[in-house]
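Structure record follows, encoded as structure tokens.
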Amino acid sequence: MKSPIHLNALKAFEASARHQSFSAAANELNVTPAAVGQLVKTLEEWLDTPLFHRMSSGKTRLITTETAQSALPLIQEGFDKLAQGLDILKDNAISGVLTVAVSPAFAAKWLLPRLHHFQAICTQTNVNLNTNLKPVDFASQCIDIGIRFGIGNWQGLGAEKLMDEEVYPVCSPTLLEDPTRFTTTDKLLNETLIHDQSMDAHTSFPSWSSWLKKAGVTGPLITKSIQINNSAAVLQSAIDGHGVALARSVMAKDDLAAGRLVRLFPDIYFESPLAYYVIYRPECVALPRIQAFKNWLFKEVENQAFKSE
């Protein structure tokens, strides 16, 4: 296929197959549905074979043929390789846009308060934050680098551990006005306990039940509770005095340092089996702006640890 029209037609086919719709493909490619349909028809004529079953009714009107479906992954891989090649050609410098995938809570509680340090070093790099709890496709969503919480295994991506994490109870200083309120760990059962539901998918993540068991509190966990599915909101609820939260140390660090929160029972250590990892596509990690951001992350954690000593 030497003619550029075939590259455009392949792109129209790939987008249409992914969306199962000429209209949705047209929105992505910023052309009209008729133009997408004509490009696909041109490709079908050149190949002398149909690529789609056009359905006259039903929810899905466009279904790839068996042959087209078998070829689609290779075509998508080809476009991905083309994009990587263009990245190398145009991005052999720190300048440009760097897209970083992080959870909303991690962005709010750790990354954003420190991001100005990176921007002061790499003034030509514009950072675009993709904040999403759901897994993202680095290739199709043009993600350069990410920070994720887990066991360190993400299919098709390189991963380097950035930070370990500990969990412990925290509360507002206002709850400590009564000096007898938290004299023993079992008194936590008298409190409203704030649960972080964003960790429910990670079965190995410490819960209030497991922390209390480690602290020697026996018996069923029957107490008032607040369930929140965002780690930053969990901490904010504790800051506002609504109860005691089981905090993630990385998230709570700045609030503890500022006095907005107080750690309870600091002699009880409970390390999480999960940690924070820097993740990236191995074939792209050598790009200067990705290397610069990755190196800054590890340096920032190193400086943070030094200040804590």
*asked:* Just to verify a result, which residue in the range 262-309, among those that are in a loop (DSSP other than H, G, I, E, B) and touching a Pro at 6+ places or on another chain (Cβ under 8 Å), is nearest to SER103 (Cα to Cα)?
replied: PHE270
*What pairs come up if the first residue lies in the range 229-241 and is on the phi > 0 side of the Ramachandran plot, the second is open to solvent by less than 30 Å² (accessible area, probe 1.4 Å), and their beta carbons are under 9 Å apart, counting only those six or more places apart or on different chains?*
GLY241/CYS171; GLY241/SER172; GLY241/LEU175
*Of the numbered conditions (1) outside any loop (DSSP other than H, G, I, E, B); (2) open to solvent by less than 60 Å² (accessible area, probe 1.4 Å); (3) at pLDDT below 95; (4) not polar (S, T, N, Q), ASP186 satisfies every one except a single condition; which is it?*
(2)
_Any strands (runs of 3 or more DSSP E) falling wholly within the range 77-176 and containing at least 2 residues that are touching a helix residue (DSSP H, G or I) at 6+ places or on another chain (Cβ under 9 Å), among the hydrophobic types (A, V, I, L, M, F, W, C) and open to solvent by less than 10 Å² (accessible area, probe 1.4 Å)_ = 96-102, 145-150, 158-171
*Residues in the range 242-265 that are free of Cβ contacts under 8 Å to residues at least 12 places away in the same chain and either crowded, with 23+ Cβ neighbours inside 10 Å or in contact with a strand residue (DSSP E or B) (Cβ under 6 Å, 6 or more places away or on another chain) (or both): how many?*
0
*Does the range 33-41 contain any residue that is in a helix (DSSP H, G or I), within 21 Å of ASP137 (Cβ to Cβ), modelled with pLDDT of 85 or more and among the small types (Gly, Ala, Ser)?*
no
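Considering the range 238-260 alone, what residues qualify as being outside any helix (DSSP H, G or I) and within 27 Å of TRP296 (Cβ to Cβ)?
Result: ALA247, ARG248, ALA258, ARG260.
The values are calculated or read from the model by the stated rules, or taken from the named source; none is laboratory data. Fair warning: this is a prediction, and the values are worked out from it, not measured in the lab. Ideal geometry is used to build each Cβ from the backbone, glycine not excepted, and the neighbour counts take in all protein chains shown. Calculation scope for accessible area: heavy atoms of the full protein, side chains included, ligands and nucleic acids excluded. Shrake-Rupley method; radii C 1.70, N 1.55, O 1.52, S 1.80 Å.
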